[in-house]
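Take a look at the structure set out below.
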Amino acid sequence: MLKVWGRVSSSNVQALMWCIDELALVYERVDAGFIYGHVDTPEYLSINPNGTVPTLQDGDHPPLWETGAIVRYLATAYGPVEFWPTEPIARAEVDKWAEWSKINIAQKFTAPVFWRVVRTPPSKHDPDAIGVALKALDKFLDVAETRLSRFPYLAGENFTLADIQFGHCLYRYFDIDINRSEHRSLRRYYEALTERQAFRDHVMVSYAELKETD
C-alpha cells in the first residue's frame, strides 16, 4: 500500500493524489506541512531531507519526493499505456507536455498569481504585479488554447500524466478573483476535468486555510 505525506491544500499533493486515484491505487495519507507540521522532524527529514511535501513510500521501496518524479514512478509501475506510453516517442510527447506544464503553468501561476491573490492580505494586494503575472501566464495559456482546440487532452487523444501536471492548477485558476482572458478551448477542457471524480475529490477542494486576512 502507498503512504503519502502531505496536506490536502498543497497543490503538489493534489496532483499526486489525483494521479493515485485515477490509477485506482490503495493509499494512506498523513497530513504534513504548513500548519500540520511533521516536515521538520528528524523522522521526516530522514525520508525527505528537503522537508517538503509530498513524500511517497511504496511498500519497502525507498521513499520518493518531488511530485513529477513520484507521478512518473506511479505511471510506470501501475499506469495503463494510454496514460504513460511505453513506446519512447509517444512517452516523450507526454513527458514534453508534462514538463511544459510544470515550468510554464504551475510555476507561473502558483507563486506569481495565486500567492499574490490568496496568500497575501487584501490590503497588501498589488494589482499591477498581479496583472503582469497574468500577462506572463497568458502567453502559455494561449499555447494550451491552441493545443486544446485540436485535441481533447494536452498530449493528444488520451488522458495522460501531462493532464495531471497541467490540470491540477486549473481549479484555482478559474476559482480565484482575477481577470481571466477568454480561452474557450481551455474552459471546455477544464469543464471536462470537473467531470472526473478523482479531480473533484482531490483538486476541487477548499483552500480556505491558505487565505491571509487583514
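The values are calculated or read from the model by the stated rules, or taken from the named source; none is laboratory data. Predicted, not measured: the structure shown is a model, and the values here were computed from it. Neighbour counts run over all protein chains shown; Cβ positions are idealised from the backbone, glycine included.
The figures follow:
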| item | result |
| --- | --- |
| Residue identified as surrounded by 14 or more Cβ atoms within 10 Å (Cβ to Cβ), within 20 Å of residue 102 (Cβ to Cβ), outside the structural domain of residue 102 (by TED's automatic domain parsing) and within 19 Å of the chain's Cα centre (by Cα) among 8, 13, 30 | 13 |
| Test: residue in segment 107-127 that is among the small types (Gly, Ala, Ser), part of a helix (DSSP H, G or I), surrounded by 13 or more Cβ atoms within 10 Å (Cβ to Cβ) and at pLDDT 95 or above | no |
| Residue satisfying all of: in segment 201-214; touching a helix residue (DSSP H, G or I) at 6+ places or on another chain (Cβ under 9 Å) and assigned to a helix (DSSP H, G or I); surrounded by the most Cβ atoms within 10 Å (Cβ to Cβ) among these | 202 |
| Failed item, numbered, when residue 195 is tested on (1) part of a loop (DSSP other than H, G, I, E, B); (2) outside the structural domain of residue 138 (by TED's automatic domain parsing) | (2) |
| Residues that are over 30 Å from residue 136 (Cβ atoms), among the small types (Gly, Ala, Ser) and in a helix (DSSP H, G or I), drawn from segment 71-104 | 77, 90 |
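The rows are residues; the columns are (1) at pLDDT below 95; (2) of a type in the set (Gly, Ala, Ser); (3) over 16 Å from the mean Cα position of the chain (by Cα); (4) crowded, with 17+ Cβ neighbours inside 10 Å.
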| residue | (1), (2), (3), (4) |
| --- | --- |
| 146 | no, no, yes, no |
| 157 | no, no, yes, no |
| 161 | no, no, no, yes |
| 165 | no, no, no, yes |
| 174 | no, no, no, no |
| 179 | no, no, yes, no |
| 191 | no, no, yes, no |
